[in-house]
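Asks: Here it is, the structure in full.
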Amino acid sequence: MIRIGVVAGSTRPGRKADAVARWVRDIAAARADVEAEVVDLADHPLPHFAEPLPPSMAPSSRPAIRRWGAVVGALDAFVFVTPEYNHSIPGVLKDAVDALYQEWHHKPAGLVGYGVHGGTRAAEHLRLVLGQVSVPVVRSQVALSLHTDFVAFRDFRPGPHQREAVGAMLDEVLAWAGALRTLRHPQPVR
């Protein structure tokens, strides 16, 4: 069973990331080949990166970051839900990625962006950031428009085609997760 964490990548008041993350989790949880959970950054108040060494050289000694590392380390794959802020991702999401290194390695991800233009620029920026911590991001991504997938820019009501987009993205994430699991946990040669 592949364990996917659906990361709600915003913590600001009035955010939509939590509702979108629950929707993605529910779609994933309906599958027989995955165990999905919401990983809400609001539940993990992380400090801004201020370590003497980068996480690639030394893990943090801060308790909040160590707890965050345990959550990320226990998962096989991710779906990141991100709004688009000024053509990019929220700072809290960048901090969450930057806080760790080894825990991310060789665990694939899918992206769900939302915003006026579907959050596509934020998703593309996040794709670059994740590449630096060895998270392969699948090609299929979900772009939710504040114009058509939200009522009055507030209430999340995705179009029916968006469920299919999530399914296609999950298919790719799960295929990669299965393949990469053997890289992270090689079988002994007999």
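The values are calculated or read from the model by the stated rules, or taken from the named source; none is laboratory data. Worth saying up front: this structure is predicted, and the values here are computed from it rather than measured. Glycine also receives a Cβ, built like all others from the backbone with ideal geometry; neighbour counts cover every protein chain displayed. These area figures cover heavy atoms from the full protein model, side chains too; ligands, DNA and RNA do not enter into them. Shrake-Rupley method; radii C 1.70, N 1.55, O 1.52, S 1.80 Å.
Asks: Keeping to the range 36-45, report how many residues are open to solvent by 40 Å² or more (accessible area, probe 1.4 Å) and touching an Asp or Glu at 6+ places or on another chain (Cβ under 9 Å).
Replies: The number of residues fulfilling the criteria is 2.
Asks: Same structure, new question: Any residue at all in the range 167-177 that's at pLDDT below 95 and of a type in the set (Gly, Ala, Ser)?
Replies: No, every residue in the range 167-177 fails to be at pLDDT below 95 and of a type in the set (Gly, Ala, Ser).
Asks: Could you check the range 13-22 and list, in sequence order, the residues that are closer than 15 Å to Gly167 by Cα and crowded, with 21+ Cβ neighbours inside 10 Å? Give the steps one after another, and end with the answer.
Replies: We begin by selecting, within the range 13-22, every residue closer than 15 Å to Gly167 by Cα; these are 20-22.
Result: Val20, Ala21.
Asks: Find the residue count for the range 1-44, including only residues that are closer than 27 Å to Arg181 by Cα, under 13 Å from the mean Cα position of the chain (by Cα) and of a type in the set (Asp, Glu).
Replies: Number satisfying all stated conditions: 2.
Asks: Here is a further query. Are there any pairs, at least 6 apart or on different chains, whose C-beta atoms fall under 9 Å, with the first in the range 28-46 and within 30 Å of Ser61 (Cα to Cα) and the second of a type in the set (S, T, N, Q) and part of a loop (DSSP other than H, G, I, E, B), and if so, which?
Replies: Sorted first by the residue in the range 28-46, then by its partner, the pairs are Asp40/Thr11; Leu41/Ser10; Leu41/Thr11; Ala42/Ser10; Ala42/Thr11; Pro45/Thr11.
Asks: Related question: Only one of (1) open to solvent by less than 30 Å² (accessible area, probe 1.4 Å); (2) under 23 Å from Pro55 (Cα atoms); (3) free of Cβ contacts under 8 Å to residues at least 60 places away in the same chain is not met by Ala96, so which one is it?
Replies: (3)
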